[in-house]
Each structure stands twice: as structure tokens, then as C-alpha cells.
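Report on the following structure.
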Amino acid sequence: MAPREETVGRGPARQRSAPARPGHKMAAVLSRSARRVARAAVRRSVVRLFALGCWGCASAGKWYLLTEDNIKLQEFQQAKAAIRNEFHGNKDPYFKNIKEKLKDNRIILKNELKILLHLCQTSSDVDLAKKVIYRYHEQSGITDLRGFKFGPLFMRLCFELDLETPAVELIKDQNLRGFFSDSTSFHILMTMLFKKGRYKSALEVLAEMKKQGIPFNKETYLLAFAICYKLGSLESCKISAKLLEEAQLKGDTLPLRAFFFAVASALKQDDIAQAQFCCSQIRKTENRLYSNLKVLVQLRSGLLEEVIKTLEAAMDVDTPPFVKKIEFSEQVIHSFFSSYSMYGIVY
């Protein structure tokens, strides 16, 4: 039996005090002055709150991820209008001629397919275009792979008419292997699926792109990490981490927003180590989204003192007026207060 503790002085023996809770230690670390700085910084940032929404997505713009320079939908629509004017708005005779050529098994010329894709206005028109594409690819085969790229043209048509199903069907068809031999076709389709919230289908298109050996570029990585973030599953988080690893092994350059999505994906799955790693890979740190993500990672890591330093820098009164102040999102502010409440610090 353990020996009984001896007491000093009068009165009943004092019981051993319970070990301090982690929250008490954290509260002791944060001095009273530091907490005042935090309160002031948060109050100042509240005035400039913005919504993060989708990390790296344009909240009010037409494009979610890629720009008009990438998609070139407006350019396609202008070309359609010009060609339609040449036919005086009457496409029926041209379509009739194309149907007769299909029936008679005659050769489809490159320019004929190009005009047809610009004249399509309905889903039934696209059905005809699909038949012509199969015939054209069958007759041209590998000999025309270095010629005009019809893949992006067809994808822009599907984008305009809101027809993702035939687009996915054709890009996955082994009989059309080589017809969609460019990254742009895949990017347009993934953008369309992303915009419609069909993230699982977009990931399948990404897998198909890899399967067909189409090289990934900056736009591919941006779409890939955004899709993984939106899926928000453990599996998609693993895919995101794997993509980052493969890109770094290849020496590929990733766009800044791709890193943002990678960090956010890891945070969604509470993978703090991966979030810290992704955050450490970001070189361009003079960025509002980076500042917010960094604070979120620090909060989830329990580094409240580091958060205090960030907030203190945000309210530096000596900062010149032409230098942008850090702005914090509602999500970050909410996480900040939640972390303080967790550690027993009341405002």
C-alpha cells in the first residue's frame, strides 16, 4: 500500500490539485495584451469580411475556374453567327446534303464537318454531328491527327447547348481514340461538369485524360485539385495528395490556386499534416486567400500564438495606406472564435 501523505499545519489534509487542463495552459500562454490585439484585429477585419465560397473560384464571374481565353466559347459563338449568316439562317439544305453523303457512304470533307459543327443549334443537330464525327474519324484515322483539332470545337458546341452527356460519351469512346488528342477538349468538358456540380463525372474525365496519355498542364492541375476539393471525400483527398506528389516528381509547375484547393481539401478531411505540407509549398504568400488558409491551418494545428502574430500584423497602424491590409473571411473569423472558446478563453 502506498504511504499516506503527511500534512503540514492544522486542519484536514489538502487533496492534490487536478492536473491543469490543456485549455488552461493555452490561456496562460496568451497574455492579456495579446488577447486585446486579437480582439482589435478581428473587429477591424470584420469590416472587410468577404466570402471565400469555392477556394480559387470566381464568385461572381462567368467562369468558375478557367477563363474565356481557355474556353473560347465567345469566339466560337461569333464564328457560328458568321457562318449562319452565310447560309442566310437556313441550315436545312446543308444538313440534307450531309445526311445523303452519310447514306451513300461518301467521303466527309474536313471543311464540311467544320461548317456542320458551327450550324448545330439543337440536340438533334448534335446527334447528326456525332454520326458525321464517327464517319470522318473512320475515314481519316491516324492520318489526320496532326490536322485541325475538332475536339475543342465539339466540346464548345456541347458547352453552349448544355449537352454534357454526348460530350462524355464521345470523349470516352475507344473508337474515337485520337480525335480528342488535346488537353483543351478535356478542360472544356471538365469545366462544364464542374459548373453543373457533376464532380464525380469530372473526375472520371480527368482519369480518362490520364489514361489516353494527354499531358497535364497548369489548367489541368487547377481543374483536378478543384474537383477533388468539391468532392470532399477521403478518397478525393488522397487523389489530391497523389497528384501533388506526381506533379512535383515530374517538375511540373502548379498554379497558385491549385495549392489553395489542395490545402482546403486536406483541411476538409482533418489531415492537418497534409494541409501544413501543402501550405509550405506555396511560394507566393502575398495573397489574401493564402493568408486566410494559413490562419485556418494554424488554428487547426493549435498554433494560436502564431495566429495572434498574423492578426497583429493585420492591424499594424504603421502600415502605409497603399499597402493592402489582410482581409479575413467569415469562415476564418468563426474558426478563430471557436478555437478560443475551445480553450476556455471568453470574449
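The values are calculated or read from the model by the stated rules, or taken from the named source; none is laboratory data. The shown structure was predicted, so the numbers you read here are calculated from the model rather than taken from an experiment. Because the Cβ atoms are built from the backbone with ideal geometry, glycine has one as well, and the counts that use them run over all protein chains shown. Ligands, DNA and RNA are excluded from the accessible area calculation, which covers all protein heavy atoms including side chains. Shrake-Rupley method; radii C 1.70, N 1.55, O 1.52, S 1.80 Å.
Below are the figures for this structure:
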{"item": "Förster radius 41 Å - calculated FRET efficiency between K284 and K172 (Cβ-Cβ, nearest 0.05)", "result": "0.65"}
{"item": "FRET E, pair F277, L109, Förster distance 45 Å, beta-carbon r, rounded to 0.05", "result": "0.25"}
{"item": "Region 174-299, accessible surface, carbon-and-sulfur percent (1.4 angstrom probe)", "result": "49"}
{"item": "Accessible-area value, K149, 1.4 Å probe, nucleic acids and ligands omitted, Å²", "result": "80"}
{"item": "Listed residues D92, D271, D125 arranged by accessible area, highest first, probe 1.4 Å", "result": "D92, D271, D125"}
{"item": "Computed accessible area, R106, all protein chains, 1.4 angstrom probe, square angstrom", "result": "100"}
{"item": "Relative intensity, log₁₀ I(q)/I(0), of region 105-243 from a Debye sum that treats every alpha carbon as a point, q = 0.17, 0.19 Å⁻¹", "result": "-0.90, -1.08"}
{"item": "Solvent exposure ordering (accessible area, 1.4 Å, most first) of Y134, Y94", "result": "Y134, Y94"}
{"item": "V126 - accessible surface, heavy atoms, 1.4 Å probe, Å² rounded to 10", "result": "0"}
